Amino acid sequence: MADETILPDSAGRGEERPPSALARFLDSDLRWSFRRSPLVITAFLVTVLMIGAATFAPWVAPHDPFDLASLDLMDSLLPPAWMEGGDPRYLLGTDDQGRDILSTILYGARISLLVGFLSVILAMLIGVTVGLVAGYAGGVTDAVLMRIADIQLTFPAILIALLVDGVMRGILPPEAHEEVALFVLVLAIALSSWVQYARTVRSSTMVEKRKEYVQAAQVIGLPSARILLRHILPNVMGPVLVIATIQLALAIIIEATLSFLGVGVPPTSPSLGTLIRIGNDYLFSGEWWITVFPGLALIILVLAVNLLGDWLRDVLNPKLR
Amino acid sequence: MLLYIIRRLAQSVLVMLTVALIAFTLFQFVGDPINNMVDQDTSLAERERIRKELGLDDPVIVQFWRFVENAAQGEFGVSYRLKKPVAELIAERFPATLELSIISAILALGIGIPMGVYTALNRERWTAKLFMTLSLVGVSLPTFLIGIFLILIFGVQLRWLPTFGRGEVVDLGWWTTGLLTASGLKSLIMPSITLAVFQMTLIVRLVRAEMLEVLRTDYIRFARARGLRDRAIHFGHALKNTLVPVITIIGLQVGAIIAFAIITESVFQWPGMGLLFVQAISEVDIPVMAAYLMLIALVFVVINLVVDILYVVIDPRLRTES
Amino acid sequence: MQVTGPTTTRAAGSDAPLLEIRDLRVEFPSRRGTVVAAQGVSLTLQPGEILGVVGESGAGKSTVAYATIGLLEPPGRMAAGEIRLGGERIDILPPEAMRRIRGKRIGMVFQDPLTSLDPLMTVEEQLVETMLTHLPISEREAKTRAVELLEQVGIPDAATRVKNYPHQFSGGMRQRVVIALAICCEPEVLLADEPTTALDVSIQAQILDLLKRLVRERGMGMLIITHDMGVIYEITDRVAVMYRSHLVEVGPSDKVLTRPDHPYTRSLIAAVPPPDRRIDRFPLVEYIESAGTATRKLDLASHWLGKARDFGAGDGPLLRLEHLTMRFLTRPSLIPSRRRWMTAVDDVSFDIRPGEVFGLVGESGSGKSTIARIITGLYRPEAGRVIFAGTDMTSLKSRREINRLRRQMQMIFQDPYSSLNPRMKVGDIVAEPIRFHRLAESEAEVRRIVADLLEHVGLGARAALRYPHEFSGGQRQRISIARALATRPRFLVCDEPTSALDVSIQAQILNLLKDLQEELGLTMLFISHDLPVIRQMCDRVGVMQRGKLVELAETETLFEAPQHDYTRHLLALMPRMRAA
């Protein structure tokens, strides 16, 4: 509880300029806690680096693994450069078709991140909308929407994603499936994870709705849509960002898992999961690098994002510290 | 209280019907079942006859009701892919999945809950911080990668443990178990660890968060102000109150284990339902997909019902409501 | 050295006071430097004595209690000073020894009875557990004593009730259970941190009586922490006044309340609204917050707030409520017969005349806030009509019509911390109604009006660029008032506008409301549970009890010659503290 007297009043500090948005950020708890944790800084740098390297894969990668002309079967199944028989041109070795592992990882991470971001955005759109409407309207609307969410939550994301993918396979002809596989995947992951957002947003909306500033807006006469978007939405976004970060990690895992199970992205544009799946076949013949390096890349990426999400949750929800 | 249970039961039936509707819709809109039963050269008239025979020209609601009736009796038709009755296929594979899941659940709960309590009570200690960091690594490890790395280390490099299958199983007539033979038990080690890790780390973090929340409540402060011993406060008051919210989630997690078995079974070629399901998905084998879906839903509903009853046992506020 | 009971300790400690706090300093290190929550605090407590610690929020009163019992929330720590119990220093004891003292020799009662008890354990289990921890008795004896204790704290049918869980007790009864738990091992010292703040007025009086009786019967020493001068007046022997973590005055209660030495104490007491007479204005507590009220008078003829006020004279009441009834569903069910309802407002009718301040008074749950929300359109009544300026609001369909009337009535809410959107700048908060109702020609005019309004409620135009969290509770309530004025209303609903504020801030806000009401000729519905405040503010008063309007009279008539039993009951509970 703040002491009445410590806070600035008009007489004392009236002439001072209020701090700008940037100044407020620089002075925020967020930045303070960020700078105090080397682990979080590392995670942040790793995330930025990996996102950057993946986004600019065509320029960063030493080879273009999908340029068939440049592939040479003579170079296939080479071990990493530092091992006996390794080739300095291929730092992390090559796969069965002679593709550079490092390059396929960069291109693969690109697909993984693309699916991850798209599905998080889609799930967030669905979830936040449902949560806002259910929480604000209450009554039957709320009951119906939340029943659907409950039933959906009963099933793990991976199962729902598998199912959506299976259904799409049944509906679409095989040729078409190849082309839209990526979007089917995004849809499947989004449909399996929107509930998290919806439930969180709904419960914070219900809390905010009872707060007097919302009633004040109602007394002024503002229409519901305006109250929802202008007053409630900004106040419920904090936890949504935390969930989005954690869900990004989860979405990358789900995508990798689906691709590993062979129902994700087609092998023509492999993601990290597909690479691991391909490599898995060579596990017993000793070519471990084909699996292990994409696997490590996946773990490092997910771990870095999770660390950031965990830290964000701690800072934005000081109750949990 | 009885009313509470009845209401929960009614909700469970509703959930089952919803899932049945989804499964039924699969049959309706995904592929034509006739195509999957007949040869290329079956005449149109013949197809019509089968269609009539199967009641596929009845009103949708009648067909749905027939589907529910059959499902309730465990009757889901014949697998498109394996041309065997689905019920038979599931019955063959159910024991493998259940044994794997139960062992993993015991691992996840038995290690997860004490570790969560420990990290909440000693959160400034370095061991607790280490556990928390490890649990974050655990959440970040995709299940299939854990399996692959375990296979690589203990199966391929060290050659200590078998890398696929259930090993020798004992057939008890209605059940096949791997728990009674040495090779069966050895085969269980890696898959069950693989399956348990993710759930375990989730449980650690959840128990810790809830427990910290409870430790901040007024009644814990009041208990301290009355000079109660730390042990009584932590395990008598705090842990008991922590369990109330934790039980629901743990119920969901135990259910999730069965679903996550899909991945583990694929990695270790474990002959369970999950493997069957994944194969069914890639081949669009609708009867198997539908049956698996219904079965998983049933397991979840039963677990949730048990959780609801546990709630009433633990929380007096629910007992006296009615 | 095992101490068996209070009496022996006192003999051993000879002339040392029961509890002595000497030069206490408590620090909370934080990233923005160390916050000193208490400094140089010295207090003594004798057996059988009730010592009150009074002060406004953030003054450091609770910190003193938590330091005494050794339960400062980390990172808070005692930086200096000592605490002696019966002459023996306890602040340097190892944790285990201190634990043995807690509950056994020092008991503590917390503010909120609803959250102080473990919801999963019966009252008996909690009492027995506490006694077995500290006393060498058997479980059977402990159970017998548990029932006796419940009887002593005034819980009827104690033998059966002891088996109940906390949620089966009402708030007041739960506080009795909490007290039973605090005294079950016969402590010498009882610390009570705002023990009645969360309770209704009539329950408050009962709990204070109980505490007083227990202290006298058992010869305990009690340290009671409160922000409420009424509590100090009712039960304390001596009082210590805290201000900004310092102790400014200690002395016998009658002396401090009637002839305070320190200027802060003087202004604090002056700010308490006198229950027994009506004063023109509240004395301003300049010692506390320099943010003054409006400096210059408004000239309505030329001022923006005076524009478009030709609402049409009309000689009837401005607002008329006819047979208003409202029920809330407390147990929803698909089967209508299983639904349970709570009648919040039960056939209430009254008029509010133009230009008057109409008060509604009652305890929590009496339905007064529900009426405010029905009038402002937040709730739809189940039956009855709300007639505003001759128009039946309840029958209006067109949005435009509703908005036209809504603009004329605004509301000021209770909680200054939740009534402002934390993500909007103050300027936007105040400008929103102006923009929405298109009350200004241009954006420049909007900004001019906002600046003027903020100036007028005593905040200054600069406030527009800041966010609500940068302001204190009293300042936020001023922002709320500016927002309410921004629609140029003629009718203002104030729902407990000062009950979340410290008494000195309350005086300022009440003065501001009074000034505005006079200057703008506003009509007001003023809702409060605080009778002295009602007396100062209102022309006529309605008394609500369980949804019904039980009495309605001119303010002075109501206070001097109450007709209804319930009104008399409420008036009897009013603290009779006399200001100097």
| remark: Probe 1.4 Å, protein heavy atoms only: C and A together bury a total accessible area in Å², to the nearest 100, of 3900
| said: Give me the tail of P(r) for chain C as a percent: Cα-Cα pairs with distance above 36 Å. | reply: 44
| task | Among DSSP beta bridges lying fully in the protein assembly as shown, give the percent that are antiparallel, nearest 5. | result | 55
| remark: Result for the stretch C:19-270: accessible area per residue, probe 1.4 angstrom, in square angstrom, of 36
| For the stretch B:91-318, what is the accessible area per residue in Å² when the probe is 1.4 Å? | 37
| Using only helices, what value at 222 nm comes out for chain B when you add -39,500 (n - 2.57) per DSSP H run of length 4 or more and divide by the total residues, to the nearest 500 deg cm²/dmol? | -24000 deg cm²/dmol
| Do any trypsin sites (Lys or Arg not before Pro) in the stretch C:361-443 lie in a DSSP loop with no more than 12 other beta carbon atoms within 10 Å, and if so, which? | C:K397, C:R438
| field | List of the stretch B:295-319 residues, accessible area with partners at least 40 Å² below that of the chain alone (1.4 Å probe) | value | B:F300, B:P316, B:R317
| remark: Expressed in nanometres to one decimal, the distance between label points 7 Å along Cα→Cβ at B:L161 and A:F56 is 4.3
| message | With N set to the number of residues, divide the alpha-carbon radius of gyration of the stretch B:41-121 by 2.2 N^0.38 Å and report two decimals. | response | 1.92
| With 20 Å bins from 0: P(r) over chain B, alpha-carbon pairs, percent | 25, 49, 23, 3, 0
| Using helices alone, what [θ] at 222 nm do you get for chain C, with -39,500 (n - 2.57) per DSSP H run of 4 or more residues, divided over all residues and rounded to the nearest 500? | -10000 deg cm²/dmol
| note | The longest stretch of chain C containing none of the GluC sites (Glu not before Pro) that sit in a DSSP loop with at most 16 other Cβ atoms within 10 Å is C:1-285
| Counting pairs of alpha carbon atoms under 8 Å apart in space and at least six apart in sequence, what relative contact order in percent does chain C give? | 15
| said: Looking at the calculated P(r) for the stretch A:68-113, what percent of the C-alpha pair distances fall above 13 Å? | reply: 52
| request: Determine the distance separating the Cα centre of the stretch A:199-236 from the Cα centre of the stretch C:378-423; give it in Å without decimals. | output: 16
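Under 1.5 on a/c is rounded, so check that first for the protein assembly as shown, then, if it is not, pick prolate when a/b is larger than b/c and oblate when it is not; a ≥ b ≥ c are the square roots of the alpha carbon gyration tensor eigenvalues.
Because a/c hits 1.5 or more and a/b exceeds b/c, the protein assembly as shown counts as prolate.
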| query | Given C:I534, C:H227, C:G460, which one lies farthest toward the positive end of the charge dipole of chain C, if we put +1 on the Cβ of every Lys and Arg and -1 on the Cβ of every Asp and Glu? | reply | C:G460
| said: Leaving ligands and nucleic acids out of the surface, order B:W174, B:W65, A:W194 by accessible area at 1.4 Å, largest first. | reply: B:W174, B:W65, A:W194
| remark: Rounded to the nearest 5, the percent of DSSP beta bridges in the stretch C:19-270 running antiparallel is 55
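Would you work out if the stretch B:85-137 is rounded, prolate or oblate? Take a ≥ b ≥ c from the square roots of the eigenvalues of the alpha-carbon gyration tensor; rounded if a/c is under 1.5, else prolate when a/b is larger than b/c, oblate otherwise. Each step should come with its number before you reach the end.
Values: a/c = 6.26, a/b = 3.90, b/c = 1.61.
Prolate.
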| field | Accessible-area value, A:M168, 1.4 Å probe, nucleic acids and ligands omitted, Å² | value | 50
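Kirkwood Rh, Cα Rg: Rg to Rh for the stretch B:214-253?
Across the stretch B:214-253, the Cα-based Rg/Rh ratio is 1.09.
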| request: Whenever you get a sec, line up C:M544, A:M74, B:M200 from highest to lowest accessible area (probe 1.4 Å, protein heavy atoms). | output: A:M74, B:M200, C:M544
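With both partners inside chain C, how many of the DSSP beta bridges are antiparallel, as a percent to the nearest 5?
Percent antiparallel among DSSP bridges in chain C is about 55.
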| Buried solvent-accessible surface, both chains (A, B), 1.4 Å probe, Å² to nearest 100 | 3900
| query | For a label point 7 angstrom out from the Cα of B:R7 toward its Cβ, which stretches of the stretch C:320-361 have the backbone nitrogen within less than 16 Å? | reply | C:329-341
| query | If you take the alpha carbon radius of gyration of the stretch A:236-321 and divide it by 2.2 N^0.38 Å, what ratio comes out, to two decimals? | reply | 1.35
| query | Percent of accessible area on the protein assembly as shown owned by carbon and sulfur, 1.4 Å probe? | reply | 59
| note | In short, the stretch B:240-264 residues buried by 50 Å² or more of accessible area relative to the isolated chain (1.4 Å probe) are B:I263
| message | Before we go on, tell me the buried accessible area for the B/C pair, both chains summed, 1.4 Å probe, in Å² to the nearest 100. | response | 2400
| said: Classify chain A from the C-alpha gyration tensor, please: rounded if a/c falls under 1.5, else prolate or oblate depending on whether a/b exceeds b/c. | reply: oblate
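The values are calculated or read from the model by the stated rules, or taken from the named source; none is laboratory data. Fair warning: this is a prediction, and the values are worked out from it, not measured in the lab. Neighbour counts are summed over all protein chains in view; Cβ atoms, including those assigned to glycine, are modelled from backbone coordinates with ideal geometry. Ligands, DNA and RNA are stripped out before the accessible areas are found, and what is left, the full protein with its side chains, is counted by its heavy atoms. Shrake-Rupley method; radii C 1.70, N 1.55, O 1.52, S 1.80 Å.
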